[in-house]
Amino acid sequence: MRRLVRDRLFRNRPVSQTLEFFDKVQLGEKKYIAPHKCYAEFNIDTFIAYEAAAYKEFISKDYETLKGTKYEDIITILEDLKDVDLEQIPDKSLVREFIGGSRFEY
């Protein structure tokens, strides 16, 4: 979902095109990242409980594109979530990196 939202908002890429790339992205992750994870000193879980609900507003515009694909379950997941007031998401939240408005400093 992060990739769908980011590509749509900041790369002007339609959902259908992002989905076409996704299999290649997963293959690259399995080939180049997964084998080396065991050597990492730290593993950071970036899951945020309200994240999917925050992306709902952006992805719902593309439900028709998702229908009939192997990603159709995204629609079901998002439809079951309550809406989130995007104004309530802190500007230093990782979610802001994908929906805009980030003030995260490195």
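Looking at the range 78-89, can you tell me whether even one residue there is in a loop (DSSP other than H, G, I, E, B) and among the β-branched types (V, I, T)? Yes; the residues of the range 78-89 include at least one that is in a loop (DSSP other than H, G, I, E, B) and among the β-branched types (V, I, T). Among the candidates F21, F58, the residue that is surrounded by 12 or more Cβ atoms within 10 Å (Cβ to Cβ), free of Cβ contacts under 8 Å to residues at least 12 places away in the same chain and in a helix (DSSP H, G or I) is uniquely F21.
Checked against the criterion of being at pLDDT 95 or above and β-branched (V, I, T), the candidates I89, I48 yield just one match: I89.
Annotation: of all residues in the range 78-96 being surrounded by 11 or more Cβ atoms within 10 Å (Cβ to Cβ) and either out of contact with any Lys or Arg (no Cβ under 9 Å at 6 or more places or on another chain) or in contact (Cβ under 8 Å) with a residue 40 or more places away in the chain (or both), the one that is farthest from D23 (Cα to Cα) is L86.
The values are calculated or read from the model by the stated rules, or taken from the named source; none is laboratory data. Keep in mind the model is a prediction, meaning the values are calculated, not measured. Every residue, glycine as well, gets a Cβ built from its backbone with ideal geometry; the counts of neighbours run over all protein chains shown.
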